[in-house]
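Throughout, read-outs are computed from the coordinates displayed, never taken from laboratory work. Treat the numbers as computed from the prediction; the structure is a model and nothing was measured. As a convention, Cβ positions derive from the backbone with ideal geometry for all residues, glycine included, and neighbour counts pool all protein chains shown.
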Amino acid sequence: MITRLAGGRIYDPEHGEQGVARDLYVSDGRIVAAPAGGKADHSYDLGGAIVMAGGIDIHSHLAGGKVNLSRLLMADDHRDELMERGALTRSGSGWTTPSSFATGYRYAAMGYTAAFEPAMVPSNARLAHLEMTDLPMVDKGVYLMLGNDELLLQMLAREAPQEQIDDYIAWMMRATAALGIKTVNPGGISAFKSNLRDLDITDTTHGVTPRRVVNALARAVYELGVPHPLHIHCNNLGLPGNIETTLATIAAAEGFPIHLTHAQFHSYGREGDRRFSSAAARLAEAVNRNPHVTLDVGQIMFGQTVTASGDTMAQYRNRAFASPDKWILMDIECDGGCGIVPFRYRDRQFVNALQWAIGLELFLLVEDPWRIFLTTDHPNGGPFPTYPHLLRLLMDRDFRDANFARLHPAAQKASILPTLKREYSLNEVAMMTRAAPARILGLADRGHLGVGAAADVAVYVEDADRERMFTTPKHVFKDGVEVAREGRILATPSGSTHIVRPEGDDAIEGPLRRFFADHMSVGLDHFRLAPAEIEGAGGHLITQACRPRRRA
Amino acid sequence: VATRAITCPFCALACDDLGAAEAGVDTRGCAKAAAGFARDAGRTEHRVRGKPVPLADAVAAAAALLSQARLPLITGAGADLAGIRALIALADRAGAVIDPWQSMVLRRNFAVTQESGALTATFGEVANRADAILLLGGDPAPDYPRVFERLVDNGTPLFRSTPPSLAYLGPAAAAPRRTMAAAIHLDSNRLLDGVAALHAALAGRLPRDADIAGVPAAAFVELGERLSAAHYGAILWDVRNLADDGKAVVATVLRILRHLNRRTRAVGLPLAGSDNALGFVQALLWQTGWPAQVSLAGGAPEHDPWRFDAARLIAAGEIDALLWVAGLSHSPPPATMAPTVALLAPDIALTGEAAVEIRVGVPGLDHPGTLVRADAVVALPLDAVRKTALPSVAAVAQAIVESLGARA
């Protein structure tokens, strides 16, 4: 069966199409070439609407233990936001950390067709993946958190050769069905368990510096040919002056590709009366100069949310700002941790207001939309349904300036935002939320509308109010099936889980098995998640190719 | 040669070093595991009103019963994660209340997390780091037989150089059978006074001449100093050893832990969740947003610890259908006037007659599955070690959902 999406205007940056008026044809879940004579079995008249590939969220805490703990902690949030079951849909609750089905429906209704969980601790892999089989509508995948796992820290402390580290990373990614590697406060989560309360990138903990962790992991990811570069949550999150740490992290990678996540939280100076200032310009300048560096912003959005992070060291500090006043801290399995602190970001509060401005400064100062991604670090900066509001802030300068005028006066004085006249174009939005995330994740058939691409498509009716436009697409297609129309769910496909299976020398399994037997609380064979466990629970796996660049 | 390591589903420690071989399962000296793996597989007939029927007929009867009910309740204990996911889907479809059996016991822990938070660690952290462990309320070994082997007696810890020092606060009669470096004995109904005194001692607010449940203040001061001096202290309790004021005990323990963490590290490790109750809580959290005591009767998930407590609903006669699940536990359904669909492991004797009786396999024994451990972070794969034709809870629940769909 061939479906025609007729009369739309195509924004497909991967193919240089900016508002090209042409019909799109879909068959068997894929974009296909126009059939002879343009014959189709079914046709949608798009009437000049904007057509983009489905949105891809590169960093969203959507599943796993810390999300479930957040749901538990945010009881009021779940009481206030209810979703009734429908003929096709399951019931749900929650706004800041919605239940799994609600998460999928909301992403799809907003035109997103993929979202990636960025912080899975190794020991939680089985449970997180099984949870994601109950997250429908979107494709998904996980980044495995390493860099606080005691095994890697020991290897680095005894100066194990890089080949061994590569083998270990490859083994771990296969064992946990990961798509990428993330490091969170490298070394710091482990150090906090030993009662260190702060750790800068050149400090030593257990014989290792965060600098060394970053370098080894960035290099391993590169050598194994994992498409997504090392995803880095730097040391010193949230601290005034942490821009120095962030810039030192770029240097630590020594040219290996890296992705700096929720960069807004890592772009702080220490200037001004209040010893807290924007360093967005410095980070943007460094990113503009270093083509191997990408970033997502982690914009904060005013209102109630909850912060859920692997960074126990930072979250223990942040407990002082908990609103409401309750928080969770957990040390996890000699491989990570999690800290959960509710936050209410307020525009009349100096620090929050400046954080908001810093995020927008980053968006507007980083020049290459292929290297900057739209995130709120859901839910840490704000819940993902606020994306359309954020898009309007980026695309509509008057709207941005009007919001800026409501900020705490001292924050207004401390930001250069009003001098930044840039407005994102539809083409740039398509890059930042579709084409570029697909490229940086190695999803060759997503994020674009070329022949052969998966037919993940969002259709928006042109509207000068970009927030309204991006909140409710007219049509959303997932793998060729219309799944949402004007906010209503029409079909509930389960979505696929994207993974990589990098190759390494399996000889690493000997020492790994010994380490697990001596120290860990599960055996190696039970730690390892079998792909069949995900498939047996209703999941569908797609393996993305790695292109190894290992030395001979 | 033909021995493979398997996971034990019979308590929430989920020990995964048992050996399955042709000759049987090596249960590593655990009597609970030995009894579990020796469970009888004799009762395999499905019945409707006492008469043996094919599974499909029993499923159809269960669907009919649930579809006619105004307020059905799904409860019980003991399904693997797939079974629990399917039961919640069934509850959503049928408009049922769903609640893990005895969730009021679990609530002693999770209500404190909801209201104040938590400060905890997983097994691996306690086993590798804890240099001082305070056991609270009673011996956890009856519920968790290998708890000391798993969490205390790790011979190759990563971080501590000597075995952890153990302390105990709780009733003498329930004291763990271990040598304690310090012990404070008080009645279980005075445990709250005990932890409150410990908190006061840490905060320097306990009068020196105070007497708490017959224990002099100095004992609490000494215990506080012991925890303060530890590099990584752990407070461990079996939630079933707490009394009805258990929630207040847990809340006070959280205050103690917060105090300790100002200067050193300390964590709690609540032990709970046998029969995969924490798998139930986890799946409820992600599917509905609530941990337990959830009603799906109104179309959207509602949580109320009193209204939707399964035991209270049954006792008060507020339900008109009960779906009882006992795939891991030994428990026959509780007495109720409501017609009952009972999903039972093959060794459970029914005292009366259930409207519908469906025999299901035991996960980890009759079929593979997934079990969530007491720390709620780690889930372990379960194997099948014997051959039976019994369906899983997941298969039965899915079949009931399909039958309901066909009726609609």
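Listed values for segment A:306-316 are Karplus-derived 3J(HN,Hα) couplings in whole Hz (6.51 cos²θ - 1.76 cosθ + 1.60, θ = phi - 60°), namely 9, 9, 10, 9, x, 7, 4, 4, 6, 5, 5, and x replaces Gly and Pro.
Each Cα pair under 8 Å and six or more residues apart adds its sequence gap; the mean of these over the residue count of chain A is a relative contact order of 21 percent.
Taking every pair of distinct Cα atoms and averaging 1/r, then inverting, what Kirkwood hydrodynamic radius in Å comes out for the protein assembly as shown? Walk me through the intermediate numbers first.
Numbers: mean 1/r = 0.0346 Å⁻¹.
The answer is 28.9 Å.
Among the trypsin sites (Lys or Arg not before Pro) within segment A:1-63, which fall in a DSSP loop and have no more than 15 other Cβ atoms within 10 Å of their own Cβ?
Working: sites: A:ARG4, A:ARG9, A:ARG22, A:ARG30, A:LYS39; in loops: A:LYS39.
Sites meeting the loop and neighbour criteria: A:LYS39.
Under 5 Å between amide hydrogens, built in the peptide plane, is the criterion, and for B:VAL378 it picks out B:ARG373 among residues at least 5 positions away or on other chains. Under 5 Å from the amide H of B:ILE6 lie the amide H atoms of B:LEU18, B:GLY19, B:ALA20, each residue being 5 or more positions distant or on a separate chain, with H modelled from the backbone and absent for Pro and chain starts. Taking amide H positions as modeled 1.01 Å from N, with prolines and chain starts lacking one, the residues under 5 Å from A:ASP377 and 5 or more places away or on another chain are A:GLY298, A:GLN299.
Would you list B:LYS247, B:LYS51, A:LYS421 from fewest to most Cβ contacts within 10 Å? Could the numbers behind the result be given before it?
Details: B:LYS247 19, B:LYS51 11, A:LYS421 8.
In order of increasing Cβ crowding within 10 Å: A:LYS421, B:LYS51, B:LYS247.
Picking from B:ALA300, B:ALA248, B:ALA172, which is most flexible by a Gaussian network model of chain B using Cα springs under 10 Å? Comparing B:ALA300, B:ALA248, B:ALA172 in the GNM, the peak value goes to B:ALA300. Helical runs (DSSP H, four residues minimum) scored at -39500 (n - 2.57) apiece and divided by the length of chain A put the mean residue ellipticity at 222 nm at -9000 deg cm²/dmol.
Projecting the alpha carbon convex hull of segment B:315-408 along each direction and taking the average yields 8.0 nm².
Just the projected area, averaged over all directions, of the convex hull on the alpha carbon atoms of segment B:208-288: how many nm²? Let's see the in-between values first.
Numbers: hull surface 29.4 nm².
For the Cα atoms of segment B:208-288, the hull's average projected area reads 7.4 nm².
For the pairs A:LYS182/A:LYS413; A:LYS39/A:LYS474; A:LYS39/A:LYS140; A:LYS66/A:LYS326; A:LYS66/A:LYS182, note any where the Cα-Cα span goes beyond 25 Å. In this structure, A:LYS182/A:LYS413; A:LYS39/A:LYS140 lie more than 25 Å apart at Cα.
Sum -39500 (n - 2.57) across every DSSP H segment of at least 4 residues in chain B, then divide by the residue count to get the 222 nm mean residue ellipticity, nearest 500.
Values: 12 runs with 133 residues, N = 408.
Result for chain B: -10000 deg cm²/dmol, rounded to the nearest 500.
Translational diffusion of chain A, estimated by Stokes-Einstein from the Kirkwood radius over alpha carbon pairs at 10 °C in a medium of 1.306 mPa s, is 68 µm² per second.
Couplings 3J(HN,Hα) of segment A:75-92, computed from phi: 4, 4, 4, 6, 5, 7, 10, 10, 10, 7, 5, x, 4, 9, 10, 7, 6, x Hz, in residue order, whole Hz [Karplus 6.51 cos²θ - 1.76 cosθ + 1.60, θ = phi - 60°; x for Gly and Pro].
Applying the criteria of a DSSP loop state and at most 12 other Cβ atoms within 10 Å to the trypsin sites (Lys or Arg not before Pro) of segment A:466-552 yields A:ARG549, A:ARG551.
At 20 angstrom or more along the helix axis (alpha-carbon based) and mean Kyte-Doolittle of -0.5 or higher, what helices does chain A contain? Whole DSSP H runs only.
Numbers: long enough: A:162-176 (21 Å, -0.57); A:210-224 (21 Å, 0.15); A:350-365 (22 Å, 1.57).
Long hydrophobic helices here: A:210-224, A:350-365.
Of all the options B:ASP153, B:ASP99, B:ASP366, the one that moves most in a Gaussian network model of chain B with Cα springs shorter than 10 angstrom is B:ASP153. Straight-distance candidates among the lysines for linking to B:LYS32, with alpha-carbon spacing under 24 Å and chain neighbours fewer than 8 residues away dropped: B:LYS387.
In order along segment A:431-445, phi translates into HN-Hα couplings of 5, 5, 10, 10, 5, 5, x, 4, 5, 6, 9, x, 8, 5, 9 Hz, rounded to whole numbers, per the Karplus curve 6.51 cos²θ - 1.76 cosθ + 1.60 with θ = phi - 60° and x for Gly and Pro. Across peptide A:84-94, the average count of Cβ atoms from other chains found within 10 Å of a residue's Cβ is 5.
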